[in-house]
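The values are calculated or read from the model by the stated rules, or taken from the named source; none is laboratory data. Here the structure is a predicted model, which means the values were calculated and not measured. Quick reminder, even Gly has a Cβ in these numbers, built from the backbone with ideal geometry, and neighbours come from all protein chains shown.
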Amino acid sequence: MNAYLLNQKLAQDPLVRNVDSIFSRLRLSPEQFARLSQDPGLKAKSEPIVQRYVNQNKKLIQVTLKGEPSSKTVRSWLRIQE
C-alpha cells in the first residue's frame, strides 16, 4: 500500500484520533507532492516540512489513537497493524 492510501485509510479509522504526515500537513495529493519535489523553488520552500516527514526515502506517519495506551482496544489495534 502506498503512503498516501495508508494515510487516508488511517484517517478514516474510527479508533484514530489524528494522523500527522506529509500529506496531511501540506494537504497535497501524491501527484502534487511529486510536482513539488520537481520544482526547485517550491522544493526549497517546503524543505523544512519535508525533512520532518521523509527520511531515507521513507515517509513517516504519526498516528494518535483514541483511548488509553494500555487499553485492550488500543493494544489489539496495534497488533492488527503490525
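Observations on the structure shown:
- Among the residues of segment 42-67, those that are under 24 Å from Glu82 (Cβ atoms), more than 12 Å from the chain's Cα centre (by Cα) and surrounded by 14 or more Cβ atoms within 10 Å (Cβ to Cβ) comprise Leu65, Lys66.
- Count of segment 53-76 residues which are within 26 Å of Arg27 (Cα to Cα) and either outside any helix (DSSP H, G or I) or at pLDDT 90 or above (or both): 13
- Asn18 meets each of the listed conditions (1) assigned to a helix (DSSP H, G or I); (2) under 16 Å from the mean Cα position of the chain (by Cα) apart from (1).
- Some residue of segment 34-41 being modelled with pLDDT under 85, among the hydroxyl-bearing types (Ser, Thr, Tyr) and either assigned to a loop (DSSP other than H, G, I, E, B) or surrounded by 11 or more Cβ atoms within 10 Å (Cβ to Cβ) (or both): yes
- All of Arg27, Arg17 fail the test of being touching a strand residue (DSSP E or B) at 6+ places or on another chain (Cβ under 8 Å) and exposed (fewer than 13 other Cβ atoms within 10 Å of the Cβ), apart from Arg17.
- Every pair of residues 6+ apart whose Cβ atoms lie under 7 Å, when the first sits in segment 1-26 and is farther than 15 Å from Leu60 by Cβ while the second is in a helix (DSSP H, G or I) and at pLDDT 85 or above: Leu15/Thr73; Leu15/Trp77; Val16/Leu10
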